[in-house]
Structure formats: structure tokens, C-alpha cells
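The values are calculated or read from the model by the stated rules, or taken from the named source; none is laboratory data. Quick caveat, the model's predicted, so the values are computed rather than measured. Glycine also receives a Cβ, built like all others from the backbone with ideal geometry; neighbour counts cover every protein chain displayed. SASA here: full protein model, heavy atoms, side chains in, ligands and nucleic acids out. Shrake-Rupley method; radii C 1.70, N 1.55, O 1.52, S 1.80 Å.
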Amino acid sequence: MPLNQSLKGKEYGEVTFTVDQGRVAQFADAIGEDRPAFRDSEAARGLGYPAQLAPPTFVTVLQIMTSGQAVVDPELGLDYSRVVHGEQEYEWSRPVRVGDELRTTPRIADVYSRGPNEFLVIEAEIKDQSGEPIVLARTTLLSRGTAGGGGR
């Protein structure tokens, strides 16, 4: 069954996330990141940053939380057993820092088909506690064999 293309532009509930030193350390350990700016606030300050940095892909943790809202939306009609992660991209305004209070409202940016497959694009503009944009995160999921014969 094809995905519900009328949901393009649909927004979901706001997601918030506090960037704390423990979570950043766990993430850095998991990906093997050992550069000092991602491990130590003094090292980050020595490089001109006001606080310890989180590795760039750290926002994937928040992106998974946001994408999940769309994935389980019964109106969308997504059969997760047919899903393959297609792409993950980020447009950065500034690095994520320990102490940031991140917030975002995910939305379905696009639903389109190519051949037998459909693509679901979910965007989340992630902002800090003052409302300043940090990064635009975009996830593209591929739904195998569900296209109804249309195109973009």
C-alpha cells in the first residue's frame, strides 16, 4: 500500500533533549571519538568554544526520537518491515555544546516515489534554549516496493 502523500508538511509534537556531559561521553565512547574538545570542557574553551562540544553525529540521538513519531503514524501507512535507511544529512549553524537544551518539531518534508519504491523525508530544525538554530537534520527512509506507480 502506498504512503499517504497528503501528509507532506505535517508537523509532530515538539521533542526536547538536554545535552549533558555523561551522554556526550557515552556517545563519544560508542563512536571512538577521542579528540579533546569532545571530552573536556577546558580543551574546548582552549579552542574558543564556550563549553565542551558534542560530536556532530550526536544529534542523531534526537533525530531518531523525532523520526519515530512519523514512522508510527497510522495515517502515513508505513510498513516498517519494508524500510531501509536511505540518507542522513545535516546543515549546521553551530556545534552542539554540553548544556544545550535542544528542541525541535519534526515534520514530513516530502513523500515521493521512484520506480517501485517510496521515499519519506523527515526534517527537524534543531534549536537551542534561546530559539537559535543549531542544525537542520534530514532523514530519508526508503519504503521498498510500496509505490503505487506515481512519481514526485
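Worth a mention:
- Among the helices (runs of 4 or more DSSP H) confined to segment 1-73, the ones with at least 2 residues that are modelled with pLDDT under 95 and out of contact with any Cys (no Cβ under 7 Å at 6 or more places or on another chain) are located at 60-71.
- Residue count for segment 70-79 satisfying the condition of being open to solvent by 50 Å² or more (accessible area, probe 1.4 Å) and touching a strand residue (DSSP E or B) at 6+ places or on another chain (Cβ under 8 Å): 1.
- Against the test of being open to solvent by less than 50 Å² (accessible area, probe 1.4 Å) and not aliphatic (A, V, I, L, M), the options Gln129, Gln52 yield a single qualifying residue, Gln52.
- Scanning segment 67-101 for residues that are more than 30 Å from Arg45 (Cα to Cα), touching a residue at least 60 places away in the same chain (Cβ under 8 Å) and of a type in the set (Val, Ile, Thr) gives Val71, Val83, Val84.
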